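Written out below as structure tokens is the structure these notes cover.
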Amino acid sequence: MPQLSQSKKENQSMQSDYTNASRIAPDAVKKVGLVGAGTIGAGWATHFLARGLDVIVVAPNPSAEERMRRTIAKAWPVMESKGLAEGASLDRLRFQEKPDGAFSDVDFVQESAPELLDVKNAVIGDISKVIRPDVVVASSASYLTATDIQQHCLNPARLIVGHPFHPVYLLPLVEVVGGRRTSPDTVDWAMKFYSLWGHRPLRCRKEVLGHLGNRLQRALFSEALRLVADGVATTEEVDAAMTNGAGLRLGLLGPFMTRAMAGGDAGPRTVIERQRTNKITFSFERNNPELTDALVDDLVAGVVRQIDGRAIEDLEEARDAYILSLITLRDQALARASVHKTEGTQRDSK
């Protein structure tokens, strides 16, 4: 039997030690480490600072600190309106060029480096060598999978994808995805962590390109792009069709509940079954899955769980109140933006 080299023995021992380490509870986290100082990294920093945590950012570029502090300061009034946790302060933000020193004492790491496999592998490899063996490492990767970026991570069982949506400090969704070598306990821990600290995590069942949210966004944008390219509409008209129509409902109900409620008292099965006999087919629907009996049953069962015993009339009433409030808020927000634009023009002319 061949003898292991000393370095391989040490690495194997470290992996074993990491796997058996005792992990801090999600609600006991006090210090968060961030890698990456771009838009997403700044969003994470804003969120965690507002929750009263200490934040250490690794940013090799000397100009990153000033840019990130400026971005956070701009978003801080919104966080004050949202509500700051006890102890929340911009003074709890620190920067360093490398993941060493104080970074070795963080309780959780959120990596938001550029979406390049070599870069993420190198960054995560460096991080995993200096942090405590129990610390969960989450990547903000939009398209790379946890399996892709586990290659150089010491104890890959503690690495997940924790993909947020911009602005991170306002949009609650974080998609949590484990890789082939991720421990189920790590995924459970991450779900509790994100939930306890102010997000609404969604556990993704499978590793797929773009997770869930980006796949939906890309499908929508693909058709929007096609409509403009074919001369059917302008960008303004496409956006108006969404923001004054289906978009107002989708924000509350999502695509399946919106479709199911279209049937009213007839129930969701009637609406879904009707799709089988629909004679109108768009080009982008040619590759749609067949609506088999089994798939229809799954769709109906899922929507019934979402309805959760509530009367359709009550859901319609909630929808109507939501849409009315949303239109009012949207108009007010855009009016404020118009005022600020006018003020900016006047300043520029002086």
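Against the test of being under 27 Å from the mean Cα position of the chain (by Cα), open to solvent by less than 50 Å² (accessible area, probe 1.4 Å) and not charged (D, E, K, R), the options Leu225, Leu253 yield a single qualifying residue, Leu253. Across region 147-180, the qualifying residues are those that are small (Gly, Ala, Ser) and either touching an Asp or Glu at 6+ places or on another chain (Cβ under 7 Å) or open to solvent by 10 Å² or more (accessible area, probe 1.4 Å) (or both), and the one among them that is farthest from His199 (Cα to Cα) is Ala157. Number of residues in region 111-130 that are over 14 Å from Pro99 (Cβ atoms) and either in contact with a strand residue (DSSP E or B) (Cβ under 7 Å, 6 or more places away or on another chain) or in contact (Cβ under 8 Å) with a residue 40 or more places away in the chain (or both) equals 1. The condition of being over 27 Å from the mean Cα position of the chain (by Cα), surrounded by 13 or more Cβ atoms within 10 Å (Cβ to Cβ) and farther than 30 Å from Leu227 by Cα holds for Gly267. Within region 80-132, if we keep just the residues that are among the basic types (Lys, Arg) and buried (at least 16 other Cβ atoms within 10 Å of the Cβ), the residue that is farthest from Gln150 (Cα to Cα) turns out to be Arg92. Taken as a whole, the structure places Lys74 among residues that are open to solvent by 80 Å² or more (accessible area, probe 1.4 Å), at pLDDT 95 or above and not hydroxyl-bearing (Ser, Thr, Tyr). For the condition more than 28 Å from Ser222 (Cβ to Cβ) and at pLDDT 95 or above, Ala311 does not qualify. Looking across region 201-230, just one residue is of a type in the set (Val, Ile, Thr) and part of a helix (DSSP H, G or I), and that is Val228. Annotation note: Cβ proximity below 9 Å between a residue of region 66-87 that is within 15 Å of Leu53 (Cβ to Cβ) and free of Cβ contacts under 8 Å to residues at least 60 places away in the same chain and a residue that is open to solvent by 100 Å² or more (accessible area, probe 1.4 Å) and assigned to a loop (DSSP other than H, G, I, E, B) (sequence gap 6+ or interchain) occurs for no pair.
Just one of the numbered conditions (1) under 15 Å from the mean Cα position of the chain (by Cα); (2) touching a residue at least 40 places away in the same chain (Cβ under 8 Å) is not true of Arg200: (2).
Per the conditions (1) farther than 27 Å from Leu212 by Cα; (2) in a helix (DSSP H, G or I); (3) modelled with pLDDT under 95, the sole criterion not satisfied by Ala260 is (1).
The values are calculated or read from the model by the stated rules, or taken from the named source; none is laboratory data. Computed from a predicted structure; not experimentally measured. When we count neighbours, we look across all protein chains shown, and the Cβ atoms used for this are built from the backbone with ideal geometry, even at glycine. We work out accessible area using only protein heavy atoms, side chains counted, and drop any ligands, DNA or RNA first. Shrake-Rupley method; radii C 1.70, N 1.55, O 1.52, S 1.80 Å.
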